[in-house]
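Since the structure comes first, as structure tokens, the remarks are kept for the end.
The values are calculated or read from the model by the stated rules, or taken from the named source; none is laboratory data. All values reported here derive from a predicted model rather than from experimental measurement. Backbone-built Cβ (ideal geometry, glycine too); neighbour counts: all protein chains shown. With ligands, DNA and RNA removed, areas are computed over all heavy atoms of the protein, side chains included. Shrake-Rupley method; radii C 1.70, N 1.55, O 1.52, S 1.80 Å.
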Amino acid sequence: MATVISSFSFSTLTQSSSQRNLTTLSSNSPTFRFRVGFSCLNVGVRASNSASKMVVRCSSSVAEPPTVSETKLNFLKAYKRPIPSIYNTVLQELIVQQHLMRYKRSYRYDAVFALGFVTVYEQLMEGYPSDEDRDAIFQAYIQALKEDPEQYRVDAKKLEEWARSQNPNSLLEFSSREGEVEGILKDIAERAGGKGDFSYSRFFAIGLFRLLELANAMEPTILEKLCAVLNVNKRSVDRDLDVYRNLLSKLVQAKELLKEYVDREKKKREERAEPQKSNEAITQQQQFSSL
């Protein structure tokens, strides 16, 4: 089977970030590699200086954020078992992306973001050999980012259950109703509208898509209206969802190649074992005949 080389992007962290990446799958090796590029965030520091005065603002209450290496090390310490490379390489790249989001000054956790990440994680880890290990990896991953994995799960489940009870019209009318999830969406709309910290990300876009999917509200006009009431740029959401769908397609292709490789190696082992079994049977027969 020839080597398969595919390109896909999972790099946009903000509405303006852009990067490239490469997926390389080789059927001649047990190692299947994903190279997923992610953007680096440049933080500018501006000083205001004039002839009359200079203002310097310092804050001793904000701790120095950990480095990417420290976050990745925390993950490896929390989950010490080996992870198959088809999963591990993507996880390592995802944790770099999420680290950069997590420690942006404008970052603030919200339930839609959590739903988006949980959706991506479940898609990525679908078919993982052990459900117990899959959950342990999730715990280690979120804890490495100094966040609460249980909160991610609870909030994602809460939004999923709420979305299943909605229809296209009620989904868009959250601002006129009271309720826990309605309150979450109102808060996001206010912050995204400039009344607080809000950092758009691809995980947020995927969370929106999951809400629409569960509410059976997949018409493009519904997404457009939902983005409008949430004060989110629809063009960015459309772009990120296209990349997400492409990523899922490449993951399916990679897992199929991995399955083919495993099946082929299993067949080779069985074929090699057949002559050995035949020889053992002949030897036993000869020993029985000599008695």
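Within the range 252-278, residues that are on the phi < 0 side of the Ramachandran plot have Cβ atoms under 6 Å from residues that are of a type in the set (A, V, I, L, M) and outside any helix (DSSP H, G or I) in these pairs: Ala254/Leu25; Leu257/Leu25, counting only partners at least 6 apart in sequence or on another chain.
Residues checked against (1) assigned to a helix (DSSP H, G or I); (2) at pLDDT 95 or above; (3) in contact with a helix residue (DSSP H, G or I) (Cβ under 7 Å, 6 or more places away or on another chain):
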{"site": "Lys72", "(1), (2), (3)": "yes, yes, yes"}
{"site": "Lys77", "(1), (2), (3)": "yes, yes, no"}
{"site": "Leu94", "(1), (2), (3)": "yes, no, no"}
{"site": "Lys104", "(1), (2), (3)": "no, no, no"}
{"site": "Phe113", "(1), (2), (3)": "yes, yes, yes"}
{"site": "Glu126", "(1), (2), (3)": "no, no, no"}
{"site": "Glu132", "(1), (2), (3)": "yes, yes, no"}
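With respect to the conditions (1) in a loop (DSSP other than H, G, I, E, B); (2) open to solvent by less than 40 Å² (accessible area, probe 1.4 Å); (3) modelled with pLDDT under 90, Val45 falls short on a single one, namely (2). Determine, yes or no, whether Val181 is open to solvent by less than 20 Å² (accessible area, probe 1.4 Å) and part of a loop (DSSP other than H, G, I, E, B). Here the answer is no, as Val181 does not meet what is asked. Only residues that are among the acidic types (Asp, Glu) and either in contact with a Gly (Cβ under 7 Å, 6 or more places away or on another chain) or open to solvent by less than 20 Å² (accessible area, probe 1.4 Å) (or both) were counted across the range 90-108, and they come to 0. Whenever a residue of the range 211-238 is touching a residue at least 60 places away in the same chain (Cβ under 8 Å), its partners that are in a helix (DSSP H, G or I) and not charged (D, E, K, R), lying with C-beta atoms within less than 6 angstrom and at least six residues away or across chains, give the pairs Leu211/Ala163. For the range 59-87, the set of residues classified as surrounded by 14 or more Cβ atoms within 10 Å (Cβ to Cβ) and under 19 Å from Leu258 (Cβ atoms) consists of Ile83, Ser85, Ile86, Tyr87, listed by residue number. Residue by residue through the range 149-171, note down the ones that are surrounded by 15 or more Cβ atoms within 10 Å (Cβ to Cβ) and either modelled with pLDDT of 95 or more or outside any helix (DSSP H, G or I) (or both). Of everything in the range 149-171, those that are surrounded by 15 or more Cβ atoms within 10 Å (Cβ to Cβ) and either modelled with pLDDT of 95 or more or outside any helix (DSSP H, G or I) (or both) turn out to be Pro149, Tyr152, Arg153, Asp155, Ala156, Lys158, Leu159, Glu160, Trp162, Ala163, Gln166. Only one entry in Ala205, Ala217 is assigned to a loop (DSSP other than H, G, I, E, B) and either within 24 Å of Asn167 (Cα to Cα) or at pLDDT below 95 (or both), namely Ala217. For the range 224-277, the tally of residues that are among the aromatic types (Phe, Trp, Tyr) and modelled with pLDDT of 80 or more stands at 1.
May I ask you to list the residues in the range 109-133 that are buried (at least 18 other Cβ atoms within 10 Å of the Cβ) and charged (D, E, K, R)? Listed by number, the list holds a single entry, Asp110.
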